1. Residue by residue through the range 206-214, which ³J(HN,Hα) values in whole Hz follow from phi under the Karplus form 6.51 cos²θ - 1.76 cosθ + 1.60 (θ = phi - 60°), with glycine and proline marked x?
2. For the chain, what is the convex hull volume of the alpha-carbon atoms per residue, in Å³?
3. Using the heavy atoms of the protein chains and a 1.4 angstrom probe, tell me the accessible area per residue for the range 52-177 in square angstrom.
4. Cut-off 10 angstrom, C-alpha nodes, Gaussian network model of the chain. Which of 194, 38, 28 fluctuates the most?
5. If you build a Gaussian network model of the chain, linking Cα atoms that sit under 10 Å apart, which residue out of 193, 178, 27 swings the most?
6. Gain in length, residue 118 to residue 45, computed as 0.36 nm per residue apart minus the alpha-carbon separation, to one decimal in nm?
7. Using θ = phi - 60° and the Karplus form 6.51 cos²θ - 1.76 cosθ + 1.60, what ³J(HN,Hα) does each residue of the range 132-142 get, whole Hz, x for Gly and Pro?
8. Students often get this wrong: which residues of the range 92-119 have the backbone nitrogen under 14 Å from the point 7 angstrom along Cα-to-C-beta of residue 20?
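The values are calculated or read from the model by the stated rules, or taken from the named source; none is laboratory data. A quick note: this is a predicted structure, and the numbers were derived from the prediction, not measured. Using ideal geometry, Cβ is built from the backbone for each residue, glycine included, and neighbour counts are taken over all protein chains shown. All accessible areas refer to the heavy atoms of the entire protein, side chains included, with ligands and DNA or RNA removed. Shrake-Rupley method; radii C 1.70, N 1.55, O 1.52, S 1.80 Å.
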Amino acid sequence: MLSDPTSHDAILDYCARHTSQPDATLQAIYRSVALHTANPHMASTPYQGALLQLLAAIIQPSIAVEIGSHAGFGAVCIAQGMAGCGTLHLIESNEEYQPLIMRHAQMASVQDAIQLHIGDASRLIPTLPDGIGFAFIDADKEQYDHYYSLLLPKMRPGGIMLFDNMLWYGRVVEAEQQPDRPQSQLRCNRQTQAIHQLNCRITADPRVDNILLPLRDGLMLCRVKDTSPTKKP
């Protein structure tokens, strides 16, 4: 066990340095996000972007979805991983991000693979096509459970769902360990409770296999099982 209090940050830095680095275009897009948005911390980091790109390359989905696109850095990572083999549907509630998302998509020459939907995800998810192979969700935390309910029936067997911020700065541990304390006495809030409840729901859901990864602020990765009846020979 490492006793250095900075060892966790040092390990994360080591991991990032020994991970495939973003190309020049992704680096330029990441700088653009920092320059042109008021909350660049909401964007995926290059380290997380590398995971999104790798998963998309492994899965090669014909249909992918990102809910909560911010300025489009994560979307470009996913689209690059898909390598022109499918369509990436982006859902973003803030219409002010639309020009920036499309500018970044054009910088990476992935604009033809992207369909951008501006509006409420709860209304837009039911309009998406079935057979989704990959879905990345990084949006309104209190709506995560609802998004899960809407997305799961649209996923193809073997499809991957990835939820961001599922550790919520570690507050989910407090929510689990002190469930009876008044909320006013905890660091927890409604977002914390919503995330903790979804973690519990996914873990108990027989329709998926899942793993909660302590990457960044927690990534819940779910693989959708094939629940269709087995045909007899």
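1. Working through the residues one at a time gives x, 7, 9, 9, 8, 9, 9, 9, x Hz.
2. Residue-normalised Cα hull volume stands at 170 Å³.
3. Value for the range 52-177: 38 Å² per residue.
4. Of the options given, 38 has the highest mean-square fluctuation.
5. With Cα springs under 10 Å in the chain, the top fluctuation among 193, 178, 27 is at 178.
6. Numbers: separation 73, 0.36 × 73 = 26.28 nm, distance 2.28 nm.
Between residue 118 and residue 45, full extension yields 24.0 nm more.
7. After applying 6.51 cos²θ - 1.76 cosθ + 1.60, I find 5, x, 8, 9, 10, 10, 8, 9, 4, 5, 5 Hz.
8. Counting only backbone N, you get no residues.
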